[in-house]
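The values are calculated or read from the model by the stated rules, or taken from the named source; none is laboratory data. Every value quoted in this text rests on a predicted model; they were computed, and no experiment measured them. Every residue, glycine as well, gets a Cβ built from its backbone with ideal geometry; the counts of neighbours run over all protein chains shown.
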Amino acid sequence: MKTVGSSRAKVEERQAKVLTLTLRGYSQTAIARELHVRQQIVSLDLKTVQPQITKIRDQQRIHTYQKAYARKMDMSCELWQMMKATKNIRVKLAIFDRIIKLDREIDRTFLANGTLCNESSQPHFAAKVIDEMKIDETSQTATGT
C-alpha cells in the first residue's frame, strides 16, 4: 500500500528531474519521454518549479555578467599600464582613445540607468589627460629624451 509520504517524495523527485532537464534545455515532450510520464504532468511540474528555474537562471546571468565585467576592467587596467609605459604621444593617444571606448562599452553593457563615469565629464577628463601628455612630451623634447 502506497503512503502519502512516499507518493509525495516521488513527485518531488520527478519535479527535481524536470528542473534539471529543463535547465539542460530539454523540451517538455523530451522530458516526458525521458521520465515516462505524460507531457501534461511535465507542464504541471514546470509550473511548480518555475520559481526555482528563474532563480537559477538569474544567478547564472549575474555570474556571467560579473565575469565579463571583470574581464573588461582587467583590459582597462592593462591599457592604462600600456599608456603609462609608452613615451610616444601618438601611441598614448591611441591607447587613451581605446580606454574611453572601453569605458563607454562597460557603461552601456553593465549599467542600465547610470554610468561608471558620467559621460559629460569624460571630455573634460580626456582633455586633462591629453594636456598632461602634451606637457610630458614638451618636457621630453626640451630635455632631449
Would it be correct to say that residue 23 is within 30 Å of residue 109 (Cβ to Cβ) and hydrophobic (A, V, I, L, M, F, W, C)?
yes
What residue, of 17, 92, 101, 87, is exposed (fewer than 14 other Cβ atoms within 10 Å of the Cβ) and in a helix (DSSP H, G or I)?
101
Would you call residue 67 part of a helix (DSSP H, G or I), surrounded by fewer than 12 Cβ atoms within 10 Å (Cβ to Cβ) and modelled with pLDDT of 55 or more?
yes
Checking the conditions here, which among 108, 98, 57 is of a type in the set (D, E, K, R) and more than 15 Å from the chain's Cα centre (by Cα)?
98
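Does the range 58-75 hold any residues that are of a type outside the set (Asp, Glu) and free of Cβ contacts under 8 Å to residues at least 24 places away in the same chain, and which are they?
59, 60, 61, 62, 63, 64, 66, 67, 70, 71, listed by residue number.
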Assess whether residue 72 counts as being assigned to a helix (DSSP H, G or I) and exposed (fewer than 12 other Cβ atoms within 10 Å of the Cβ).
no
With the structure loaded, tell me whether residue 50 is at pLDDT 55 or above and within 30 Å of residue 32 (Cα to Cα) or whether it fails that test.
yes
